[in-house]
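Taking it in order: structure first as structure tokens, then the write-up.
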């Protein structure tokens, strides 16, 4: 126990001058005395020590509460991050599916267009061939000179066949040129 009168008197002077008091376990070491100034100082020290302990306890509780809130917020944040990552992956998957569907639709549309072009070109070629053959046959039946018409008919079929192969070749070339592979 601290009982030296000089030590306690020095502590009282420091307390009055600089508002510094003995705290913590040192308060327990102060000896009770009959001197009213020392007794008042000891009581002040004990009162200030209790107040300081309460403040520290409140701060500790507040820090613990804030830590708990931060931990809960971190858990919520982590859940949101996982949810966002899952949403991002799902969005990428849906985007890839949409692009694949678009590509299939484009190929189907392209195939239908090519099919239509080929059909029309073949109908034109067949129509011109049939018409030219009918005209050649009518000229033969009517007794008209067919030498010019015969060579024209022969040239016409050569041109029609060449054009038919050219159209089909061009369409197939475009089809394979636009393939990714």
Between the Cα axis of helix 36-142 and the main Cα principal axis of the chain, the angle (0 to 90°, nearest 10) is 0
Work out, step by step, the length gained on full extension between residue 172 and residue 57: first 0.36 nm times the residue separation, then minus their alpha carbon distance; give nm to one decimal.
32.9 nm
From the gyration tensor of the Cα coordinates in the chain, what semi-axes in whole Å does the equivalent ellipsoid have, largest first, with each one equal to sqrt(5λ)?
117, 13, 9
With the stretch 59-119 reduced to its Cα atoms and the Debye formula applied, log10 I(q)/I(0) at q = 0.24 1/Å amounts to -0.92
Test of understanding: ordering 136, 21 by Cβ neighbours within 10 Å, fewest first, what list do you get?
136, 21
Using only Cα atoms, find the angle between the long axis of helix 5-18 and the longest principal axis of the chain, and express it within 0 to 90 degrees, rounded to the nearest 10.
50
What is the order of 44, 101, fewest Cβ neighbours within 10 Å to most?
101, 44
Neighbour-count ranking for 39, 56 (other C-beta within 10 angstrom, fewest to most) reads 56, 39
Highest-MSF residue in the chain out of 65, 19, 55 [GNM, Cα springs under 10 Å]:
19
Treating the angle as unsigned and between 0 and 90°, give the value, to the nearest 10°, between the Cα long axis of helix 147-177 and the longest Cα principal axis of the chain.
10
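None of the figures in this text is laboratory data; all of them are computed from the coordinates on show. Just so it is clear, the model here is predicted, and its values are computed rather than measured. In this analysis, Cβ positions are derived from the backbone assuming ideal geometry, glycine residues included, and neighbour counts consider all displayed protein chains.
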